[in-house]
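Have a look at the structure below before the remarks.
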Amino acid sequence: MATPDAGTDRWRRLEDIFHAALEADLSDRSVLLSRLCGNDAGLRNEVESLLNSADKTLGFLAKPVEDAARAVADAPVTIGQRIGPYQLLKELGEGGMGKVYLAARADDHYQRQVAIKVMHAMLGASPVMLARFRAERQILANLDHPNIARLLDGGVTSGGLQYLVMEYVDGVTIDEFCRRNKLLIEPRLKLFLAVCGAVEYAHHNLVIHRDIKPANILVTAEGVPKLLDFGIAKLLDADLGYDPNARTRTTERLMTPEYASPEQIRGEPITTATDVYGLGVLLYELLAGARPFRVTTRSPLEAALIICEQQPALPSVTGLQNPETAPADARKLKGELDNVVLMAMRKEPERRYASVSELSADVSDYLRGYPLRARTDTWGYRSAKFVRRHKSAVAATVALVLALIGFSVGMGLLAQKARREQMIAQREAEFLKGLFQAAMPEEAQGRTITARDLLDSGAQRVDRELSGDPEVRASMLESIAEAYRSLGLFDQAEAFGQRSYDLRAKTLGANHPQLADPLDLLASVARLKGQYEKAEPNFRRVVSLRRQALGENDLLVAAGLGELGECLYLEGKDAEAEPTLRQALAIYRRNGPNTGDEVRNYLALLLERKGQYPEATQLLREAVEIGRRTGVDTPGYAISLHNFASVLITLGDLSGAETHLREALAIRRKVLGQNHPDVYYSLNNLGYLLVNKGDWAGAEPFTREALALALRSVGEEHPFTAGAHNGLARVLEAKGEYAEAEKQFQQALDILRHANQGESWSAAQISLNLGMLETDWGKYSQAEALARQSVERLRKLGGENNPFVATALVELAEDRILQHDPKSAEPMLREAVGIRQKMFSPNHPSVIQAQVRLGEALTAEGEAAQAEPILRGALASARTAPFPLARWQVAEAESALGGCLTAMGRFREAQELLEKSEAGIRTDPRPVFRRQSEVRMVELERSWHFH
Amino acid sequence: MTPEQSSVTRLLQQLSGGNKQAFDQLMPVVYDQLRKLAARCLRSEAPGHTLPATALVHEAYLRLVGSDIAWEDRVHFYAVSARVMRHILVDHAKTGKRQKRGGGAEQIPLDEAVVVGPDAPAGILELDEALQRLSALDARKGQVVEMLFFGGMTYEETAAALQLSPATVHRELKMAKAWLHRELSQEHA
């Protein structure tokens, strides 16, 4: 056994050798170790194992500490702890607002057991809040009812957490009780009535429960139901009331949105009607054996839509589908009990039972065989409601309806007899009514009817019911095609569009102006499918047909020109697209201030490619304004928001962009539904932005969703999907998953090549991204080759002074620096700085970045004195930029300056900067620059040590 | 300054004056505050964000002491907090382990999140144990790790607390990390 002294000596030796080995060059290490360790193989092994570990230690210590800290925060109390006079015995379960423990009084020798619920939420130390809390507790403590678990006491733990002491109820939840005892309808109703009694009593004492659900109702072995958590939701809201921003968080705090009432979701005032709704849902579950709504999504917006818009299936139907949990006599539910449940669960509070006593009266009446209050909704009322409720899903159907109505008006182009119009209108109405009737809840047997279902059935009926009438049929076919298109179902849209076109061509002739409409539709579907060569000639025909029929200044001509311009832009034929779009814009401008937002969008995108940002920004601003004036819940407005955000990103206003992108995404999800390709655009851009902010963890779900969506809706071959692969690749790159990222970039490029877009802008950009990945991966010569290629291609596509060329140059320069040739990097970086300075203001992030790289190159060349002013200038610009730079961008500048100062021997200053930059650099989406920070730290130490 | 704050200040001054008893008296106060803060932090964090030890300690400092106190005393506070923080985290993890075996409570033991591999992070209990062994070999390195990682102190502050230069702190840390990493990887090999 070694003596302590020998141990310490050996340790010191180990230390000295360790550090010496680290400072030496890798190639000299082995020799050095032989020299210093001599014959001591054990010592050498130890040093080597330490050196091996030394390379891998980035971040490994921080994580366990943070994880542990999190866990502490998660578990506010521990078993065995004393809270007031009680001692916690065991955990009973977890509710939405906190954990529940079994406890007993320590001085009572654990005779009387209670349940203690410890809240997650922390109240501030404000005396007002505490007083309010105490007052509410008093009200609740006075609720004395056989079916309510009594609140005994309450307080605040030493850790600052609220707790409530309640009567301990030894039982199972009410739904479990019904299941275990295989109760029939009648005994379930009797249990339910007891619960209603409790809620009624509470309402008389001005207390609303707000959280009625089976988990909050326990039934003892004797069959006595007890309602728990009474008014606790109301207690919690007490602290929300003081924080206006917390309003929106209510939805997030609801652990089980399936039980929330529509008004709770919408943040509207809670009344006793909310408890009626809750009782309705409870009754549903007790009678049908399953919850009325299944919310499996994590998106609060989707959950809200389901609760607020979707009609539940009839309890009688659900009951038959759940024989395990529903009462055995569930078939008796049909009719009256169905109505009772549905009435209690109406979406509008004012349409439910006016009070709990009315609800329980109906249930009692049912048990006694008397007629009930609840009535079936009339058809008329419900159909209007149906449309309103499904407004988000039925955008297409509305289009259909309007198209049909408008159809009669549009027919004015041809001479029509009044009688014929009337007949057509009548047939339309019949047809529509038939469509809606088919979608009635009873017929639907509880499925959710989507717009698509409506369309599909409509499409079938067109042929069956309107066969004798080519004009009507052609118009209907077109409307249906349009509706499919707006749902993103392009193949169906094309099929119906073609039929409409063929029919009209047959009846009106091939050059008739009315052919413009179906042609337009076909062309736009082709464009949406990415088949630009097919779309372009059709758009041209549309424009010429409309010019012929309507003259130069008609809005329809403008629309046609706009679409042609859009198509040309997507094909990359910018030179022709620009004048076309400008023509369209001129016509729109002549026609008033509320049109032409689409055209402005395309023109702006085009100008952005040329680097003409001021005009592009102005056009998009106008487009957003138009959208706000003409209707915010429209896809068009979302497009303008989205593109505006895009240009803001380029200008450096990341937070402005983020706001608009999120708004656009929300609108798109709401109006177009989750599976619409446009939602993909928003997801992709939001992902891109978040990566640029340095939050690639936040970006990942968006980019993955975008990819899944693209694959689902347009498939693996579509250019959009290439964009999604690109987005995901950047996230993977930031995470350091290089092989995966490379695969994604390659896939993107493959897709574009197969779609004949191998030489497009997108392909060039993705290729550059791939080059950046190779740099991050450490494959510098491959990276360099790609970067060089990109410089060439982007120069060809966009001209000498294109900002994308600058990006490629910067990357190329970086590769040179990393291959220890900073001298060749210098002129490239100067060129990049020049290009960017021409395009942007001096404190634009991309200008600053180029300057930082230049400073780094000069430092690496040994010209730190030259580098210093440049880097200081860059840092100053970063601090005075009009839009705050991302943390990592500032950190890169600080780190570079730190490296420069190290080279000049100003170690203390350098250390300050490097330490400052550490946190920000961790959020740098480029791993290669994250590594540089470590390297600079080591260099600083090394230089300082030898100083 | 509140009465509570002034007594903590006094304790800190005594501590920096070399009074070891002050340390014992400070511990419970700090402990309590840190637990409160930890619980509060969780509910306002967006999901996915980790809880930085640094923020907690600095906040605790502000609450207990206020901002205008001699820098050296503040550094001592952080050093104490670092020790306390480590204690809280390890203590909690141990309790978690006990409970899992016994009463049916559903706590997830912290060290079950371990991924096997040479670069894998260890759980807090293994880290603590390894750190104790390191401290037995070299007390100063153990303190450096404790202050930097549990207390969230900066290099400057750690240097001041231990009366070293920041460069030495860097150097100490480098070896300490390498040693700990090696020890912890071996356990999982």
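The values are calculated or read from the model by the stated rules, or taken from the named source; none is laboratory data. All values derive from a computational prediction rather than experimental measurement. In this analysis, Cβ positions are derived from the backbone assuming ideal geometry, glycine residues included, and neighbour counts consider all displayed protein chains.
Side notes on the structure shown:
- Selection status of A:GLY160, assigned to a loop (DSSP other than H, G, I, E, B), within 14 Å of another protein chain (Cβ to nearest Cβ) and at pLDDT 60 or above: yes
- Test: A:PHE644 is farther than 24 Å from A:MET839 by Cα and aromatic (Phe, Trp, Tyr): no
- Residue within region A:723-735 that is surrounded by fewer than 18 Cβ atoms within 10 Å (Cβ to Cβ) and in contact (Cβ under 8 Å) with a residue 24 or more places away in the chain present: yes
- Restricting attention to region A:755-799 and to residues that are under 15 Å from A:HIS725 (Cα atoms) and not small (Gly, Ala, Ser), the residue that is modelled with the lowest pLDDT turns out to be A:GLN765.
- Residue check, A:PHE907 among the aromatic types (Phe, Trp, Tyr), farther than 20 Å from A:GLU934 by Cα, surrounded by fewer than 24 Cβ atoms within 10 Å (Cβ to Cβ) and modelled with pLDDT under 90: no
- Candidate set: region A:7-40, residues that are β-branched (Val, Ile, Thr) and surrounded by 13 or more Cβ atoms within 10 Å (Cβ to Cβ); chosen: the one nearest to A:SER53 (Cα to Cα): A:ILE17
- Test: residue in region A:393-411 that is at pLDDT below 85, surrounded by fewer than 19 Cβ atoms within 10 Å (Cβ to Cβ) and assigned to a loop (DSSP other than H, G, I, E, B): no
- Identity of the residue in region A:104-128, farther than 8 Å from A:GLN162 by Cα and modelled with pLDDT under 50, that ends up surrounded by the most Cβ atoms within 10 Å (Cβ to Cβ): A:GLY124
- Residue under evaluation A:ALA910, criteria (1) farther than 21 Å from A:ALA813 by Cβ; (2) free of Cβ contacts under 8 Å to residues at least 12 places away in the same chain, criterion not met: (2)
- Only listed residue being farther than 20 Å from A:GLN765 by Cα, more than 14 Å from chain B (Cβ to nearest Cβ), in a helix (DSSP H, G or I) and modelled with pLDDT under 90, chosen from A:ALA664, A:ALA710: A:ALA664
- Residues in region A:921-937 that are over 18 Å from A:GLU733 (Cα atoms) and either free of Cβ contacts under 8 Å to residues at least 60 places away in the same chain or touching a Gly at 6+ places or on another chain (Cβ under 8 Å) (or both): A:VAL935, A:ARG936, A:MET937.
Residues are listed down the side, and each one gets a yes or a no for (1) charged (D, E, K, R); (2) within 19 Å of A:LEU14 (Cα to Cα):
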{"residue": "B:ARG133", "(1), (2)": "yes, yes"}
{"residue": "B:LEU148", "(1), (2)": "no, no"}
{"residue": "B:MET153", "(1), (2)": "no, no"}
{"residue": "B:GLN163", "(1), (2)": "no, no"}
{"residue": "B:HIS170", "(1), (2)": "no, yes"}
{"residue": "B:MET175", "(1), (2)": "no, yes"}
{"residue": "B:ALA178", "(1), (2)": "no, yes"}
{"residue": "B:GLU183", "(1), (2)": "yes, yes"}
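- Scope region A:877-896; condition hydrophobic (A, V, I, L, M, F, W, C) and within 13 Å of A:GLU918 (Cα to Cα); matching residues: A:TRP888, A:VAL890, A:ALA891, A:ALA893, A:ALA896
For (1) touching an Asp or Glu at 6+ places or on another chain (Cβ under 8 Å); (2) among the charged types (D, E, K, R); (3) within 14 Å of chain B (Cβ to nearest Cβ), each residue gets a yes or a no:
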| site | (1), (2), (3) |
| --- | --- |
| A:ALA860 | no, no, no |
| A:PHE883 | yes, no, no |
| A:GLU892 | yes, yes, no |
| A:THR902 | yes, no, yes |
| A:GLN911 | no, no, yes |
| A:LEU914 | yes, no, yes |
| A:ILE921 | yes, no, no |
| A:ARG926 | yes, yes, no |
| A:ARG930 | yes, yes, no |
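- Pairs, first touching a residue at least 24 places away in the same chain (Cβ under 8 Å) in region A:871-885, second of a type in the set (Lys, Arg), C-beta under 9 Å, six or more apart: A:LEU885/A:ARG879
- The number of residues in region B:124-147 that are buried (at least 22 other Cβ atoms within 10 Å of the Cβ) and either at pLDDT below 80 or within 8 Å of chain A (Cβ to nearest Cβ) (or both) comes to 3.
- Some residue of region A:538-558 being surrounded by 15 or more Cβ atoms within 10 Å (Cβ to Cβ) and over 30 Å from A:GLY509 (Cα atoms): no
- Pick from region A:902-935, criterion touching a Lys or Arg at 6+ places or on another chain (Cβ under 9 Å) and aliphatic (A, V, I, L, M), ranking: nearest to A:ALA783 (Cα to Cα): A:ILE921
- Scope region A:591-621; condition over 25 Å from A:GLY572 (Cβ atoms) and assigned to a helix (DSSP H, G or I); matching residues: A:ARG621
Rundown of residues vs (1) surrounded by fewer than 19 Cβ atoms within 10 Å (Cβ to Cβ); (2) more than 14 Å from chain B (Cβ to nearest Cβ); (3) touching a helix residue (DSSP H, G or I) at 6+ places or on another chain (Cβ under 9 Å), yes/no style:
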position: A:LEU164; (1), (2), (3): no, yes, yes
position: A:ARG179; (1), (2), (3): yes, yes, no
position: A:LEU183; (1), (2), (3): yes, yes, yes
position: A:ARG188; (1), (2), (3): no, yes, yes
position: A:ILE217; (1), (2), (3): no, yes, yes
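- Search result, residues across region A:562-595 that are at pLDDT below 85 and touching a helix residue (DSSP H, G or I) at 6+ places or on another chain (Cβ under 9 Å): A:LEU570, A:GLU571, A:GLY572, A:ASN591, A:PRO593, A:ASN594, A:THR595
- So A:VAL791, is it under 23 Å from A:ALA860 (Cβ atoms), within 35 Å of the chain's Cα centre (by Cα) and β-branched (Val, Ile, Thr): yes
- Of residues in region A:878-902 being part of a helix (DSSP H, G or I) and modelled with pLDDT under 90, the one surrounded by the fewest Cβ atoms within 10 Å (Cβ to Cβ): A:ARG879
- Matching residues, region A:473-530, being over 28 Å from A:GLU716 (Cβ atoms) and basic (Lys, Arg): A:ARG473, A:ARG499, A:ARG504, A:LYS506
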